[in-house]
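Trainee: Have a look at this one before I ask anything.
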């Protein structure tokens, strides 16, 4: 483990890489905005949300080696929590509550985000406790089932008490207010007119960086090394005295909490949540990002997110005209091409490049 | 009482479908110790190919009786899906036999997504009307009165159950009495030793996938005939539930898959039928799909080896 000592002394190259990364992160929305307008910046916002999700899933799949196919459920938990705590929905359903809160229910983002993380972690442990002693492939199916159960409940919990508002979802969720600045409105900052999507971009970037930092620190910690040991050989890890059950539960909880934070931000950003945002396909999409980029390698995962999150917009921009040119009409919906690509990516990466397009270096992988 | 019998009948139909699908999971698991994630989508492809075959046959030979059309279309779909399942094994799983456990699961997930997308491309996103070629006239099993509706069934449902039972019996004979069955069991026991005995493990594995695919196609066509529609997403839930059934019965065990399938069908039907009554209509049939997952989690926690299985689910 001389590696962790080496890591604390960043090399010249790593430092230059970091500076370039920071610059790219800072300027990305302005470049994207120049190229494709606010729609592209919005796409970047979603890419950042996906990065949070994928880094969470990466802890579960990449570090601990537990395949979670219901990861989007934690995103949903965070999103619904935010929606319930900062929309008029609960007040219209429960008049007593409305009487107690004459100004409406507008919970601050400072409360919602940590609460969403905690709540998702709680759900993660709830799911993990009975299932984590199962072998990986069983776990995959159980988590998939859990994801579907959460969605069934979201869709049907409008009776007897209307909590989730059923398939219609919850709308008019408050936008994020930070230090009195409403992120949903264009703001004038130092003479620049900064539209809402840019403001959200910087907020999401800060949170994504925090999560990234947490991931790096976790990876280099005793816990992170224990996770890798479990992934490589659970029996050996147990024989070395690791409490594998507790460590796996911890991986589940931490991964889930990142998902929950992402979900809360998503709800406030969209202003609207509905069960259909949290389908299995979304879980698969996040998994595809982690797998394509490189399981267990943070830069790889981020690359995977950016590639796959940008893909739909790129396809929309190019595929229509390419098909027009080839066939004289648009035959195939870009959405379908995107799914085709996800499916192919999962198969081909597993077959030919199991460590992803940007794998951890051999030394670091050990 | 009528509700009970009605739900029993529904459960039996559902259960025999689950059992047919579960066999595919359990055979593959028994040999390769992997979960074939794309199995449910093979079912979907089977139903849609069957649909195409029916349309073709009906337009080419308008005078053909319905039953013949259905039988020929089913055979075509089964052959196509046997081929498809064999190709899936060859392309997505064979290279990954010695890879970490996650690898075949993820590539299977990719195949599943790919099949759904291809189905969406060929047959659109919308449910396709599946012609109901067998009589659907209600057959009263119990005599109802003014307060209670009678329990009813129909020819399609009866034929579904009968064919499923026949096919499962045939499969058991195949595996337990024939040379092919013996080599399948040998490969499941130990591929290396089997190959020393002159068995080609790869051929046996492809055949196992093919049999599973054919059974899935049969189940898919039966499902579409019972519900009257087929669409690109129809394989997902039955696939998961059939996997649950396989685990319930003890994965890797053929009789277990059959038992688990029928049991799960009954649990689901009875649970859904009585849920509304027990909770005063608060929770209705919209929670139907929750049952299978609850059963799955309960089985894995309480008895991971399933009803008839050896101890497999917990990491050795």
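The values are calculated or read from the model by the stated rules, or taken from the named source; none is laboratory data. Everything quoted here is computed from the prediction, not taken from an experiment. Neighbour counts are summed over all protein chains in view; Cβ atoms, including those assigned to glycine, are modelled from backbone coordinates with ideal geometry.
Trainee: Would you check if there is a residue in the range B:23-46 being over 14 Å from the mean Cα position of the chain (by Cα), surrounded by 17 or more Cβ atoms within 10 Å (Cβ to Cβ) and closer than 23 Å to residue B:159 by Cβ?
Mentor: There is no residue in the range B:23-46 that is over 14 Å from the mean Cα position of the chain (by Cα), surrounded by 17 or more Cβ atoms within 10 Å (Cβ to Cβ) and closer than 23 Å to residue B:159 by Cβ.
Trainee: Is at least one residue of the range B:60-73 more than 16 Å from the chain's Cα centre (by Cα), within 28 Å of residue A:291 (Cα to Cα) and either more than 12 Å from every other protein chain (Cβ to nearest Cβ) or in contact (Cβ under 8 Å) with a residue 24 or more places away in the chain (or both)?
Mentor: Within the range B:60-73, none of the residues are more than 16 Å from the chain's Cα centre (by Cα), within 28 Å of residue A:291 (Cα to Cα) and either more than 12 Å from every other protein chain (Cβ to nearest Cβ) or in contact (Cβ under 8 Å) with a residue 24 or more places away in the chain (or both).
Trainee: Does the range A:275-289 contain any residue that is in contact with a helix residue (DSSP H, G or I) (Cβ under 9 Å, 6 or more places away or on another chain), in contact (Cβ under 8 Å) with a residue 24 or more places away in the chain, within 14 Å of another protein chain (Cβ to nearest Cβ) and more than 29 Å from residue A:175 (Cα to Cα)?
Mentor: yes
Trainee: Starting from the range B:21-39, keep only residues that are more than 10 Å from every other protein chain (Cβ to nearest Cβ) and in a helix (DSSP H, G or I), then list their pairs with residues that are surrounded by fewer than 23 Cβ atoms within 10 Å (Cβ to Cβ) and at pLDDT 85 or above whose Cβ atoms are within a distance under 6 Å, requiring at least 6 positions of separation or different chains.
Mentor: B:30/B:188; B:31/B:188
Trainee: Out of all the residues in the range A:149-190, which are under 24 Å from residue A:283 (Cα atoms), outside any loop (DSSP other than H, G, I, E, B) and away from chain B (no Cβ under 14 Å)?
Mentor: Residues satisfying the conditions are A:168, A:170, A:171.
Trainee: Looking at (1) crowded, with 20+ Cβ neighbours inside 10 Å; (2) not in a helix (DSSP H, G or I), which is the only condition residue A:193 fails?
Mentor: Single failed check for residue A:193: (1).
Trainee: Given the condition under 21 Å from the mean Cα position of the chain (by Cα) and assigned to a helix (DSSP H, G or I), answer yes or no: does some residue in the range A:86-103 qualify?
Mentor: No, the range A:86-103 has no match at all.
Trainee: Mind checking which residues of the range B:40-74 are touching a helix residue (DSSP H, G or I) at 6+ places or on another chain (Cβ under 9 Å) and assigned to a loop (DSSP other than H, G, I, E, B)?
Mentor: If the condition is that a residue be touching a helix residue (DSSP H, G or I) at 6+ places or on another chain (Cβ under 9 Å) and assigned to a loop (DSSP other than H, G, I, E, B), then B:61, B:64 are the ones that fit.
Trainee: Name the residue that is nearest to the chain's Cα centre (by Cα), counting only residues in the range A:277-305 that are surrounded by fewer than 23 Cβ atoms within 10 Å (Cβ to Cβ) and closer than 23 Å to residue A:176 by Cβ.
Mentor: A:282
Trainee: So which residues in the range A:155-165 are surrounded by 15 or more Cβ atoms within 10 Å (Cβ to Cβ) and either without any contact (Cβ under 8 Å) to a residue 40 or more places away in the chain or within 18 Å of residue A:26 (Cβ to Cβ) (or both), if there are any at all?
Mentor: Listed by number, the residues that qualify are A:156, A:157, A:158.
Trainee: Inside the range B:239-253, can you point out the residues that are surrounded by fewer than 24 Cβ atoms within 10 Å (Cβ to Cβ) and outside any loop (DSSP other than H, G, I, E, B)?
Mentor: Within the range B:239-253, B:240 is the sole residue that qualifies.
Trainee: Taking the range B:278-303 as the search range and keeping residues that are closer than 18 Å to residue B:11 by Cα and touching a residue at least 40 places away in the same chain (Cβ under 8 Å), which one is surrounded by the fewest Cβ atoms within 10 Å (Cβ to Cβ)?
Mentor: Within the range B:278-303, the subset closer than 18 Å to residue B:11 by Cα is B:284-296.
Checking which are touching a residue at least 40 places away in the same chain (Cβ under 8 Å) leaves us with B:289, B:292-293, B:295-296.
Values: B:289: 18, B:292: 27, B:293: 21, B:295: 22, B:296: 25.
Here the answer is B:289.
Trainee: Residue check: is residue A:109 under 16 Å from the mean Cα position of the chain (by Cα) and within 30 Å of residue A:252 (Cβ to Cβ)?
Mentor: No; evaluated as a whole, the condition is false for this residue.
Quick grid of which residues meet (1) more than 14 Å from chain A (Cβ to nearest Cβ); (2) under 30 Å from residue A:69 (Cβ atoms); (3) crowded, with 18+ Cβ neighbours inside 10 Å:
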residue	(1), (2), (3)
B:83	yes, yes, no
B:92	no, yes, yes
B:104	no, yes, yes
B:121	no, yes, no
B:125	no, yes, no
B:135	yes, no, no
B:149	yes, no, no
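Trainee: Can we say residue A:174 is closer than 18 Å to residue A:266 by Cα and touching a residue at least 12 places away in the same chain (Cβ under 8 Å)?
Mentor: Spelling it out, residue A:174 is indeed closer than 18 Å to residue A:266 by Cα and touching a residue at least 12 places away in the same chain (Cβ under 8 Å).
Trainee: Report, by residue number, each residue of the range A:133-143 that is part of a helix (DSSP H, G or I) and facing chain B (nearest Cβ under 7 Å).
Mentor: Pass one, the range A:133-143, residues part of a helix (DSSP H, G or I): A:136-143.
Once the filter is applied, which keeps residues that are part of a helix (DSSP H, G or I) and facing chain B (nearest Cβ under 7 Å), the range A:133-143 yields A:136, A:137, A:138, A:140, A:141, A:142.
Trainee: What about residue A:348, is it within 13 Å of chain B (Cβ to nearest Cβ), surrounded by fewer than 16 Cβ atoms within 10 Å (Cβ to Cβ), in a helix (DSSP H, G or I) and at pLDDT 85 or above?
Mentor: Here the answer is yes, as residue A:348 does meet what is asked.
Trainee: Is it the case that some residue within the range B:187-197 is surrounded by 24 or more Cβ atoms within 10 Å (Cβ to Cβ), in contact (Cβ under 8 Å) with a residue 60 or more places away in the chain and either in a helix (DSSP H, G or I) or in contact with a helix residue (DSSP H, G or I) (Cβ under 6 Å, 6 or more places away or on another chain) (or both)?
Mentor: Looking for residues that are surrounded by 24 or more Cβ atoms within 10 Å (Cβ to Cβ), in contact (Cβ under 8 Å) with a residue 60 or more places away in the chain and either in a helix (DSSP H, G or I) or in contact with a helix residue (DSSP H, G or I) (Cβ under 6 Å, 6 or more places away or on another chain) (or both), one finds at least one in the range B:187-197, hence yes.
Trainee: Let me ask something else. Please verify whether residue B:297 is closer than 30 Å to residue B:189 by Cα, modelled with pLDDT of 85 or more and at the interface with chain A (Cβ under 10 Å from one of its Cβ atoms), treating the condition exactly as stated.
Mentor: Criteria not met by residue B:297.
Trainee: Moving on to the next point. For the range B:226-235, which residues satisfy the criterion of being outside any helix (DSSP H, G or I) and either surrounded by 20 or more Cβ atoms within 10 Å (Cβ to Cβ) or on the phi < 0 side of the Ramachandran plot (or both)? Working first, answer last.
Mentor: Filtering the range B:226-235 down to residues outside any helix (DSSP H, G or I) leaves B:228-235.
Those that are outside any helix (DSSP H, G or I) and either surrounded by 20 or more Cβ atoms within 10 Å (Cβ to Cβ) or on the phi < 0 side of the Ramachandran plot (or both): B:229, B:230, B:231, B:232, B:233, B:234, B:235.
Table: residues versus (1) at pLDDT below 90; (2) part of a helix (DSSP H, G or I); (3) more than 15 Å from residue B:31 (Cβ to Cβ); (4) under 14 Å from the mean Cα position of the chain (by Cα).
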site: B:202; (1), (2), (3), (4): no, yes, no, no
site: B:224; (1), (2), (3), (4): no, yes, yes, yes
site: B:237; (1), (2), (3), (4): yes, yes, yes, yes
site: B:257; (1), (2), (3), (4): no, yes, no, yes
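Trainee: Then there is this: Would you check if there is a residue in the range B:232-244 being away from every other protein chain (no Cβ under 14 Å) and farther than 20 Å from residue A:139 by Cα?
Mentor: yes
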